[in-house]
Amino acid sequence: MRRYQPALRLALVAVAGLCVVAAAVAQRSLGYQDTPLLPGGKWHVHDGERPQPRVVTPGTASTPEQPGQPPSDAIVLFDGTNLERWHDGKGQPSRWKVENGVLVATPGAGNLVTRDEFGDCQLHLEWAAPNPPTGEGQDRGNSGVILFGRYEIQVLDSYNARTYPDGQAAALYGQYPPLVNACRKPGEWQTYDIIFTAPRFRDGEVETPAYATVLHNGVVVHNHTALLGAVAHRALAQYAPHGAKGPLVLQDHGCPVRYRNLWIRELGGYDEQ
Ligand code: MG
């Protein structure tokens, strides 16, 4: 037994040494404050004192049969059951229908407007154009997603269907066509993922325009595009000053477009808890 003691001592010294090294490595992985300051002068490069980002449980993807789960901090605007979060534009309950967990644009019922207002945001929604399709051009599955009640991302059946490009599906209506046409067939569920930065106004003038990044069925169709102003038909878009938040509006354009799985996350800045 005794002849093992020197080896044991060596092993203990080695373990102790490893612990010291591990502690030093752990300390370094927690951060530094002897590093350069980042722009803004508040945090160092790798600063361990910088606030830890809030934890969000991610959602799940939808299938054709079943809408996915939203991220844990999303505000669910429509979960398949009711229109509590919406009104008809005049504060009254909307006549849009809820059928089998799906929201259906109801011709003549007018636009659907959220009761709450939102600023910079991430918006997810799914829509399906009527099947079989009816109508042509702007009469074929027309609806719209209108942020702040002013900035429209077009909903239209543009699958093997032609219209003016800045009015087709996923267009920033009257301003920019989508980069590509990523439409699915009428009747199939399609996704919009929209990251929207509201415009800022100062003294009645545009300080910074609105910006939209849009993915249609997972395909980027607008990449941080600056909007020219509020939606307009046969006219040039212009800005009119408004507040930091506004309602989300779904357009009744006379077509029974279906919606499901609408959720929104308001976006704050870095290091905000
Ligand atoms: Mg429209």
Taking the options 233, 216, name whichever one is open to solvent by less than 50 Å² (accessible area, probe 1.4 Å) and within 16 Å of the ligand (Cβ to nearest atom). 216
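Residue-wise test of (1) farther than 30 Å from residue 189 by Cβ; (2) of a type in the set (Ser, Thr, Tyr); (3) over 20 Å from the mean Cα position of the chain (by Cα); (4) at pLDDT below 95.
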site	(1), (2), (3), (4)
22	yes, no, yes, yes
25	yes, no, yes, yes
28	yes, no, yes, yes
32	yes, yes, yes, no
43	yes, no, yes, no
47	yes, no, yes, no
52	yes, no, yes, no
58	no, no, no, no
68	no, no, no, no
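Give 144, 89, 149 a once-over and let me know the one that is small (Gly, Ala, Ser), outside any loop (DSSP other than H, G, I, E, B), touching a strand residue (DSSP E or B) at 6+ places or on another chain (Cβ under 7 Å) and assigned by TED's automatic domain parsing to the domain that holds residue 257.
144
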Considering (1) over 17 Å from the mean Cα position of the chain (by Cα); (2) touching a residue at least 12 places away in the same chain (Cβ under 8 Å), say which one residue 217 fails and leave the rest. (1)
Name the pairs whose Cβ atoms lie under 9 Å apart, with the first residue in the stretch 243-268 and among the acidic types (Asp, Glu), the second in a strand (DSSP E or B), and 6 or more positions between them or separate chains? 252/112; 252/143; 266/75; 266/118; 266/121; 266/122
I'm told residue 225 meets every condition in (1) away from the ligand (no atom under 16 Å from the Cβ); (2) exposed (fewer than 14 other Cβ atoms within 10 Å of the Cβ) except one. Can you identify the failing condition by its number? (2)
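Residue-wise test of (1) of a type in the set (Ser, Thr, Tyr); (2) more than 23 Å from the chain's Cα centre (by Cα); (3) farther than 30 Å from residue 200 by Cα.
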| residue | (1), (2), (3) |
| --- | --- |
| 79 | no, no, yes |
| 90 | no, yes, no |
| 120 | no, no, no |
| 143 | yes, no, no |
How many residues are open to solvent by 30 Å² or more (accessible area, probe 1.4 Å) and either at positive phi or not assigned by TED's automatic domain parsing to the domain that holds residue 141 (or both) if we restrict to the stretch 102-131? 1
Contact list, first residue from the stretch 138-164 and closer than 19 Å to residue 265 by Cα, second anywhere and open to solvent by 30 Å² or more (accessible area, probe 1.4 Å) and of a type in the set (Val, Ile, Thr), beta-carbon distance below 6 Å, six or more apart or interchain, is 152/231
Being within 12 Å of the ligand (Cβ to nearest atom) and over 16 Å from residue 110 (Cα atoms) is the filter here; which residues of the stretch 140-150 pass it? 140
Here is a list of conditions, (1) touching a residue at least 12 places away in the same chain (Cβ under 8 Å); (2) under 19 Å from residue 147 (Cα atoms), and residue 91 meets all of them except one; can you say which number that is? (1)
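Based on what the data block shows, is residue 200 among the charged types (D, E, K, R) and within 15 Å of the chain's Cα centre (by Cα)?
Judged against the criteria, residue 200 is not a match.
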For the list (1) among the hydroxyl-bearing types (Ser, Thr, Tyr); (2) touching a residue at least 40 places away in the same chain (Cβ under 8 Å); (3) open to solvent by less than 40 Å² (accessible area, probe 1.4 Å), I need the number of the one condition that residue 197 fails. (3)
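The values are calculated or read from the model by the stated rules, or taken from the named source; none is laboratory data. A quick note: this is a predicted structure, and the numbers were derived from the prediction, not measured. Please note: Cβ atoms are built from the backbone with ideal geometry, for glycine as well, and neighbour counts cover all protein chains shown. For accessibility, only protein heavy atoms count, side chains too; no ligands or nucleic acids. Shrake-Rupley method; radii C 1.70, N 1.55, O 1.52, S 1.80 Å.
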